[in-house]
Amino acid sequence: MTTPPLFYRHPRPPGVRISKIMAGNLHNAVSLILSHMMGGFSFVAVDTQFPGEVHRHPRGDALTADERYGVVKANADELRLLQMGITLCDAQGRLPVIPWGADGGLHEMMWEVDFCDFDARLHRHVPESVEFLRSQGFDFLAARHFGVPADVFAAELHRAGILRLPGITWVTFGGMYDAAFMFKLATFGAPLPESRQGLVAQVGAHFGPLVFDGKYMALAVNAHGSLAAVGEKLGLPALEPNIHMAGPNSLMAIHVFMELRRRFVPLRGGHRSCSLQFYGLI
């Protein structure tokens, strides 16, 4: 099945296809993802997009970890999730290869979920954030009409047993908001715990002990900044075109993590010493 052109006004990243998950193909898409996770593609990168930080601390960015978590909680408790990107790979960094298009040609694949719960006319948001996502190709009207309700997506994840699969490694980058929205999906929209330690414990309880933040891990190799900046520091090829959407972001996040994982091999404790450590909440 090909992706309807309604969803993309800009070229897709070459080499890896984006499979859109919509209300109409939700069950089949989640079942396919599950089959690959159980078939050796046990590394799962997740990126989330939301409509900006509507709550800010009066001191700006010079915050303690507890104060920063307070801002994350205020935003995640109120805001609607817009989009989630999912990229799988195996222990060698290879992506799933899936038949795609009318000719059935084989292509590497990532997935992108658009959620239908947000309406800019009704829900709080940062206008600049919404306009930026629109400039990247996110179609808010299409998402409202054809996207997936977050609770329905969460129910499908629970039905499939994805959240409780043993041996799965979950990957984020700059993951404090990713962790927050992953928790909200796992709990059908429950408010975040009162403390950052409570959130970390709950993420571990729902997703297992192997949840990593590449931005935090990158500090060990003196790589700082955005996902693209860290990728460049690690010598990884940039994504072309550089689209700031959840699918491509999850793809770059898995590339960054796998390179960091390789570099952590000689370090004491290896990369697992960074599990459940989220940049900004430490």
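The values are calculated or read from the model by the stated rules, or taken from the named source; none is laboratory data. What you are looking at is a predicted structure, and each value in this text was computed from that prediction instead of being measured. With ideal geometry, Cβ positions are generated from the backbone for all residues, glycine too; neighbour counts draw on all protein chains shown. Ligands, DNA and RNA are stripped out before the accessible areas are found, and what is left, the full protein with its side chains, is counted by its heavy atoms. Shrake-Rupley method; radii C 1.70, N 1.55, O 1.52, S 1.80 Å.
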Subtracting the Cα-Cα distance from 0.36 nm times the residue separation, let me have the gained length for residue 129 to residue 94 in nm, one decimal. 9.3 nm
So between residue 220 and residue 158, what do we pick up on full extension, going 0.36 nm a residue minus the alpha carbon distance? 18.8 nm
Indicate the helices, whole DSSP H runs only, in the chain that combine a mean Kyte-Doolittle hydropathy of -0.5 or more with a Cα extent along their long axis of 24 angstrom or more. 246-264
Can you give the helix-only mean residue ellipticity at 222 nm for the chain, where every DSSP H stretch with n ≥ 4 adds -39500 (n - 2.57) and the sum goes over all residues, rounded to the nearest 500 deg cm²/dmol? -11500 deg cm²/dmol
Could you tell me what percent of the accessible area of the range 82-229 is made up of carbon and sulfur, with a 1.4 Å probe and every protein chain present? 59
Write down the Å³ per residue value for the convex hull defined by the alpha carbon atoms of the range 164-219. 75
Listed residue (58, 84, 174) projecting farthest to the positive dipole end of the chain, Cβ model: 174
For the range 67-198, list log₁₀ I(q)/I(0) at each q in 0.10, 0.11, 0.18, 0.20 Å⁻¹, using the Debye formula over Cα point scatterers of equal strength and ignoring solvent, two decimals each. -0.41, -0.49, -1.25, -1.42
Just the Cα atoms of the range 112-271: what Rg and Dmax do they give in Å? 17.1, 52
Starting from the Cα coordinates of the range 20-88, work out the convex hull volume and express it per residue in Å³. 121
Could you give the accessible area per residue of the range 141-191, probe 1.4 Å, as a whole number in Å²? 38
Taking a probe of 1.4 Å, how large is the accessible area per residue of the range 11-98, in Å²? 40
Rank-order 208-217, 245-254, 146-155 by packing density, defined as the average count of other C-beta atoms within 10 Å over each peptide's residues, highest first. 245-254, 208-217, 146-155
For the range 236-282, the spread of Cα positions along each principal axis, largest first, Å: 37, 25, 13
